[in-house]
């Protein structure tokens, strides 16, 4: 990828929590401050302000860049929503041959990261095949992989410029083996709105490197001119080629618009079949296809996770 890359060698998994959230509880300190699981320290005033916008559960798991937007006094939260999903992929001789993705709860998504016997079967339900004593039919060349993630999206309005900013944050609880051309995309309902600015981030952690290694890829028109597709009055999609050796990911896309988009649709689509080029991955238009955002020429190569929707109806005052 032609992106800016920051590599920090020697970080422990604990230090990497500054990039990637998890489900641990907030820490309430004696001085009144609050520390999130991402090791972000909030003053008591910042915590009170945040608690009016998001729950403690969400505050503790969101990317620091998202939290920074929420504590910006110039930005007013309009709407926020989150979706969780679980995908089971069937492999034959090491190559994926089929997959099933279902909506999930946070608890189910977290459980997938620690319980290898959880599988989504053809009934599109999550099963613990060991506890339920289910024999999954497969040939000796077959194997199964179950992964899980969330997609969170928040909408804010600047009180000074009246521009709108949508930020989408996705985190993998259980990271997939295949790391290919994934897509983060946002579509506007009101085509009179236009994109003022945008940027994306891929934060990745490689636990196999000596001492651990953290990476940050930055996506923008200058840094990654070949990795995005933008139609000013419709939306934007950014192609993020996940770093192969990494064991943790946190992905971010933020878009600021002139004008009120009324309703915004967001999606994160993971490529779970190999074979696409970058050009193939960009073969989409904006519509109500994948995640309610993308009409894609190669939709069968993606996991088809449900999208997330925010209402932008103007609420000044």
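Side notes on the structure shown:
- Helix-only CD estimate at 222 nm, as mean residue ellipticity for the chain, using -39500 (n - 2.57) per DSSP H run (n ≥ 4): -2500 deg cm²/dmol
- Computed over the stretch 176-254: relative contact order in percent, which uses C-alpha pairs under 8 Å that are six or more apart: 47 percent
- The structure-derived value of mean projected area of the Cα convex hull in nm² appears in the list (1) 28.1; (2) 17.4; (3) 18.8 under the label (2).
- Look at the alpha carbon pairs under 8 Å that are at least 6 residues apart: their mean separation over the length of the stretch 27-185 gives a relative contact order of 21 percent.
- Separation of alpha-carbon centers, the stretch 176-220 and the stretch 38-106, rounded to whole Å: 14 Å
- The stretch 125-163 and the stretch 247-310: distance between their alpha carbon centers, rounded to Å: 16 Å
- Shape of the stretch 112-213, Cα gyration tensor, a/c cut at 1.5: prolate
- The chain: relative contact order as a whole-number percent, Cα under 8 Å and 6+ apart: 20 percent
We did not get these values from a lab; they are worked out from the coordinates using the rules stated. The shown structure was predicted, so the numbers you read here are calculated from the model rather than taken from an experiment.
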